[in-house]
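Have a look at the structure below before the remarks.
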Amino acid sequence: MAHYKLQINGHFYETDVEQDTPLLWVLRDHLGLVGTKYGCGIAQCGACTVHLNSAAVRSCSLPISAVGTKSVVTIEGLSEKGDHPLQAAWNEVDVAQCGYCQAGQIMTAAALLKKNPKPTSEQVDAALNGNICRCGTYHRIREAVLLASTKS
Amino acid sequence: MTVLSKTTRRDFLKLAAAAGGGLVLGFHWESVNAASIQVIDEASLLAGDINFNSYLSISPDNVITIFSPNPELGQNIKTSFPMIVAEELDADWSKVKVVQAPLDTKKYERQLTGGSGAIPHSWERLRKAGATARQMLLEAAAKKLNISTTSLTVNNGIVNHAESGKSFSYGELATDASAIAVPTDVKLKDKKDFKLIGTAVKNVDNQQMITGKPLYGLDFYREGMLFAMIQRPFAYGTKIKSVDSAAAKAMPGIVDVVQFRNNVAVVGKSTWAVLKARKVVKIEYEPEGSASLESSSDHDKFFKDLLESKDTVVKRKDGDVETAFAKAAKIIKREYQCPFLPHNPMEPMNFFAHVRTDGVELVGPTQTPDFARNEVAKLLSIAPDKITLELTRLGGGFGRRLKADYVVEAAELSSIIKAPVKVIWTREDDMTGGSYRPAVRYRFEAALDAGNNLIGYKLRGVGINSGNPTREDNFPSGAVDNLLIDSVEYKSPITTGAWRAPITNFLAYAEQAFLDEVATSANQDPIQFRLSLLEKAKKTPTGAIKYDVDRMKAVIELAAEKSQWGKKKNISQGFSVYFSHRSYVAQVAEIEIKNSKPSLQKIIVAADCGIVVNLSGAHQQIRGGVVDGLGHAMFSSLSFKEGVPEQKNFNTYRLIRLKEVPEIDVHFVNNGIDPTGLGEPALPPTGGAVANALFKATGKRLYNQPFITQAGLEGVTLGVKG
């Protein structure tokens, strides 16, 4: 057990957990931030995607001991009022079906737009190919990312 | 329009009554036999002893609340059901709140999600509920003004009296309306006057989903709750011989390790503690009775034997099939096989249970809350009304959550450890935990006469725990004079269950690929071939016809028109059509050669689901169904080695991804027929359309799924960028 001071969504959180606990389970079980989802546990589906110093990472495979002082952003902290251009586009395009994977999709897309504000359709596909949507909302995911890129 | 999700029934009832006055109507969403619509007063609302599964409440401050009892798993029912009520009510949709209901009343009927049946079952009832409230509000206004209701008009929740220039919001009329006798013969709208139905309405839960709110079963946490994972036998056909849990029990954060039935549950204070500890539990297994430890190669052999079995169950027999085949000029005989498939909803199975001495609390995602509660009641030998079940949003279902195994297991564990516990399945547990789409093999035979007419047709379906896999009354039954359909089932320890579009998810592909090959042999265009058969079914039917010939013909013609069938240069088109779950869907897949390799570019879909309720949701049901059908036909397979599933997670089990989806062009027939369901019907035709297009592009016929492992398909790419 070790003590961690984490910077998440602009706030500081403190917690005592085993060093090898993945960030995903620290967020969900210990800090009550459940917007980040468990899908596979082996970084294959993208449901657990968060930002670590602005880069998209799979929180299911990132031990808490590796987070250090880096800033973490989860879906809860992507925008204050839930109105990030991607969130607005997700509503506008009416993307979600079951919705379970969508936080991970949005976080992956947000990291892409930060690096590349005007991606091509091919670049969107490449960036989000690691995120599985079992309902098959892929067309709308692509459409929403491209829509958001015109507004940010 | 706002949404409240995780509400207990009591909270809802308070909410409905809190406004003080207003109108609250109790009604049933789906029950045909239940009590008719009633006005509910505040006292009986709060007493909570009313047997309605839905309520429509209009508060004096003009908030309209609709109570949604059905499980929501992405089929968008939580949006489309209230739309139907609001349509007949002529409500202002922006003032409508949708509240998810817990399972708590005694007289539920069909509070489940499965079979694409929710809207077909509920359509009339929902319309009637909205129309009844509207009529009562109109009567209240007429009474106020001392005039007849016929001089009133309604627009967006405002009642207008043109003559006096007076108008009232529904809220202003709600309390008076609650004193009006409930009319029993309300007039429903003429369908051509629908304003909301048929438009694209956004999912009522969008904002919650895209901001990460706790909506799903796995998101449920309670102070003092324990976490558990269960090790089930690794191999089907085995049982526990011995368990050594000493090392696991000594790990930090572990509360207990308990064995029940063939399960070893590791219980602890966090998900990670439990995940780590389960890895050090040592369990020895032994064969269960005489069960064999089956491998996929064994299944291949069983199928070959079963196809020759004399012990078949005849499902449909028309005319004299043996004579027809004996005199045939040409016989085409082909076999098709599919593997087992796990459902893989993105949210793995999970459930919270707290078994107390005075009752049981269950919280989680299920497609069948009523069934799950009854199964738990049976297990614990208690009355179902001692159990509350709070339904969360479902992170996908695809049929897996029709079963109650994971609910019962959580309740049993809670009763053993006497504590509130959330049982979590890892992806590996979910993928290896059974209830699969059964592996099936079909043999089709067609007899053509010298004029290339289809004079005989045989289908034998053999499956592993598949039930009856033949859907014997579907097309082309009725269009062939001499026909024999039979099936044989093999009982295996591997568990199977309903998987989105049960049976037809593969049968449609096999049949449509076969008919394509028969049409080619008969030197006929594949679409014309089917249309001729339909013509025959219409004019001179053989036996019972249980599909609507005209509706099937209409989707075929719409798909042909929208795809410019046969008119496109350098594009290989493949056709497929299928009737399932009361709806009709035809598809044309288009393959182009890119960089000298075939690439699936587009699928054109023509669907007849009757009236489209929510255009946005309906489009996505079609596209999602096609993506589901395409992905699994192309890539997915669960194989076994000595009873153990060989694929356990997404690194070895392939699901379709963003880059691989082709353009999907959706068209609705929209014939004004009452809605007939859309959660499943778009999936079955996809594999056939794609296989038939691949044949045109490559000359290679596909007989087994997944396609990607079949010889001759090397280099095939999917997606518009392929």
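Is it the case that B:Ser309 is away from chain A (no Cβ under 14 Å), without any contact (Cβ under 8 Å) to a residue 40 or more places away in the chain and of a type in the set (Ser, Thr, Tyr)? For B:Ser309, the condition - away from chain A (no Cβ under 14 Å), without any contact (Cβ under 8 Å) to a residue 40 or more places away in the chain and of a type in the set (Ser, Thr, Tyr) - is not met.
If the condition is being at the interface with chain A (Cβ under 8 Å from one of its Cβ atoms) and aliphatic (A, V, I, L, M), then segment B:205-241 contributes B:Met209, B:Ile210, B:Leu215, B:Leu218. Mind counting the residues in segment B:575-631 that are within 22 Å of the chain's Cα centre (by Cα), at negative phi and not hydrophobic (A, V, I, L, M, F, W, C)? Final tally of qualifying residues: 19. Would you tally the residues in segment A:1-60 being away from chain B (no Cβ under 14 Å), free of Cβ contacts under 8 Å to residues at least 60 places away in the same chain and in a loop (DSSP other than H, G, I, E, B)? Total satisfying the criteria: 1.
Out of the residues in segment B:38-74 meeting the condition of being part of a loop (DSSP other than H, G, I, E, B) and modelled with pLDDT of 85 or more, tell me which one is nearest to the chain's Cα centre (by Cα). So the residue we want is B:Val63. Look at B:Asp430 and say whether it is over 30 Å from A:Ile42 (Cβ atoms) and in contact (Cβ under 8 Å) with a residue 24 or more places away in the chain. Taking the combined requirement at face value, the residue does not satisfy it.
Restricted to segment B:706-716, and to residues there that are in a helix (DSSP H, G or I) and among the hydrophobic types (A, V, I, L, M, F, W, C), the residue that is surrounded by the most Cβ atoms within 10 Å (Cβ to Cβ) is B:Phe707. Restricting to segment B:676-705, name every residue that is over 19 Å from B:Lys597 (Cα atoms) and part of a loop (DSSP other than H, G, I, E, B). Answer for segment B:676-705, where residues must be over 19 Å from B:Lys597 (Cα atoms) and part of a loop (DSSP other than H, G, I, E, B): B:Thr676, B:Gly677, B:Leu678, B:Gly679, B:Glu680, B:Pro681, B:Ala682, B:Leu683, B:Tyr703, B:Gln705.
Among strands (runs of 3 or more DSSP E) entirely within segment B:115-214, having at least 2 residues that are surrounded by fewer than 19 Cβ atoms within 10 Å (Cβ to Cβ) and either touching a residue at least 40 places away in the same chain (Cβ under 8 Å) or among the aliphatic types (A, V, I, L, M) (or both) singles out B:152-155.
Restricted to segment B:366-394, and to residues there that are surrounded by fewer than 17 Cβ atoms within 10 Å (Cβ to Cβ) and in a loop (DSSP other than H, G, I, E, B), the residue that is nearest to the other protein chains (Cβ to nearest Cβ) is B:Ile382. On inspection, B:Asp548 passes the criterion of being touching a strand residue (DSSP E or B) at 6+ places or on another chain (Cβ under 8 Å) and free of Cβ contacts under 8 Å to residues at least 40 places away in the same chain. Listed by first and then second residue, the pairs linking a residue in segment B:218-237 that is aliphatic (A, V, I, L, M) to a residue that is crowded, with 20+ Cβ neighbours inside 10 Å and assigned to a loop (DSSP other than H, G, I, E, B), with Cβ atoms under 7 Å apart and 6 or more places separating them unless they lie on different chains, are B:Leu218/A:Tyr38; B:Leu218/B:Glu347; B:Met229/B:Thr426; B:Ala235/B:Gly643.
The values are calculated or read from the model by the stated rules, or taken from the named source; none is laboratory data. On a predicted model such as this, the values are computed, not experimentally measured, just so you know. Positions of Cβ are generated from backbone atoms using ideal geometry, with glycine treated the same way; all protein chains shown enter the neighbour counts.
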